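Here is the structure we will look at, set down as structure tokens.
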Amino acid sequence: MKILAVYNIKGGVGKTTTAVNLAYLAAQKGLRTLVWDLDPQGAASFYFRIRQGIRGNMKKLMKGQRELADSIKATDFEKLDLLPADFTYRDMDILFDQEKKRTRQLLRLLRPLSEAYDLVVLDCPPSMSLISDNIFRATDLLLVPMIPTVLSVNAFHQLMQHIGPGVRKQLSMRAFFSIGDRRKSMHKEIMRTLPAEYAEVMDLMVPYNAQVERMGLERAPLLSYAPRSEVANAYQALWQEISRLIHMPLSYKKPG
Ligand SMILES: Nc1ncnc2c1ncn2[C@@H]1O[C@H](COP(=O)(O)OP(=O)(O)OP(=O)(O)O)[C@@H](O)[C@H]1O
Ligand SMILES: [Mg+2]
């Protein structure tokens with residue numbers, strides 16, 4: 001089982017959109033895929049038409065009174081399951097902090113699922129907290145969507161500082177440009193320069209497209225209702241790169 005975390009400290013950059021669509025593509029390719037909606041706001045659960053989880057769940061999970069597997073729901077799509085968000089995920093930080101190995105709790109909860117799934121996609125909340133440290137520990141690949149704007153780039157510098165050189169060496173991480181617009185000169189400039197500055201930043205962009213916003217009305221992955229759109233092609237290209245990366249040992253250096 002591989003774990004792919006879609007993460008950014010910044011909100012509204014396309015994390016959930018990416019998690020939902022990549023998971024859909026993975027399942028289509030035949031991988032037994034699970035999306036874990038870690039954001040208490042529950043956007044990924046909403047897109048898959050699944051109601052939020054039960055209250056008090058997190059505490060029971062941590063105490064071993066309940067297994068993660070008990071909360072898994074099937075989606076409308078074959079090979080694609082979901083662990084719905086839960087309001088008690090807001091307490092995740094506090095509960096993890098009470099444990100001895102406080103950064104390994106997410107991995108501990110996921111481990112019993114390792115036979116049942118080929119891929120777990122974590123839709124992460126926008127924060128920098130103990131949960132993020134757990135995510136860094138658990139993930140085989142940290143995927144960071146980033147809008148090519150100055151504030152997004154600032155947040156990316158902050159993230160790299162927070163991760164620090166030690167963890168950076170061990171962490172497999174890639175960033176890509178999300179909601180990009182090549183007609184905007186600032187977007188173009190950032191997309192040209194940032195990949196040269198950071199080995200982790202890929203020269204890959206998912207463009208702005210109003211079709212994506214329809215996900216809220218369709219309540220389904222974009223790839224399921226507009227599979228041949230330009231933005232769908234971009235997600236296909238992203239998935240190809242990600243699937244290549246997660247099936248090989250990763251390092252923080254760019255190949256080639
Ligand atoms: N390529 C795109 N083109 C147009 N709109 C997009 C695109 N990607 C995402 N969006 C829209 O941008 C908004 C934010 O996207 P999304 O919810 O995926 O971000 P997020 O990083 O998960 O946000 P949050 O931090 O709140 O969880 C949504 O309304 C979504 O429909
Ligand atoms: Mg989100």
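Things to note:
- Gyration tensor verdict on segment 97-148 (Cα atoms; rounded if a/c is under 1.5, prolate if a/b is larger than b/c, oblate otherwise): oblate
- Restricting the calculation to Cα atoms, segment 1-133 shows an Rg/Rh of 0.93 when the hydrodynamic-style radius is the Kirkwood one.
- Sorting HIS157, HIS187 from the fewest to the most surrounding beta carbons within 10 angstrom yields HIS157, HIS187.
- Candidates per trypsin sites (Lys or Arg not before Pro) in segment 120-213, loop by DSSP, up to 11 other Cβ within 10 Å: ARG183
- Reachable lysines from LYS101, criterion Cα separation under 30 angstrom, eight or more residues apart if same chain: LYS2, LYS10, LYS15, LYS59, LYS60, LYS63, LYS73, LYS169, LYS253
- For the chain, calculated [θ]222 nm from helices alone, where every DSSP H run of n ≥ 4 adds -39500 (n - 2.57): -12000 deg cm²/dmol
- Seen from all directions on average, the chain presents a Cα convex hull projection of 13.0 nm².
- Fraction of antiparallel bridges per DSSP, the chain only, in percent to nearest 5: 5 percent
- Taking the fewest neighbouring Cβ atoms within 10 Å as the starting point, the ordered list for THR18, THR103 is THR103, THR18.
- As an equivalent ellipsoid, segment 138-180 spans semi-axes of 20, 13, 6 angstrom, where each value is the square root of five times an eigenvalue of the C-alpha gyration tensor, largest first.
- Pairwise centroid distance, computed over Cα atoms, of segment 216-243 with segment 1-54, Å: 13 Å
- Placing +1 on the Cβ of every Lys and Arg and -1 on the Cβ of every Asp and Glu, with no other charges, gives the chain a dipole of roughly 340 debye about its Cα centre.
- Sorted by Cβ density within 10 Å, fewest first, the residues VAL13, VAL35: VAL13, VAL35
- Measuring nothing but how far apart in sequence close Cα pairs (under 8 Å, 6+ apart) lie, relative to its length, the chain scores a relative contact order of 26 percent.
Since every read-out is calculated from the coordinates, none of them should be taken as a lab result. Predicted, not measured: the structure shown is a model, and the values here were computed from it. Here the Cβ is made from the backbone with ideal geometry for all residues, glycine too, and neighbour counts use every protein chain on show.
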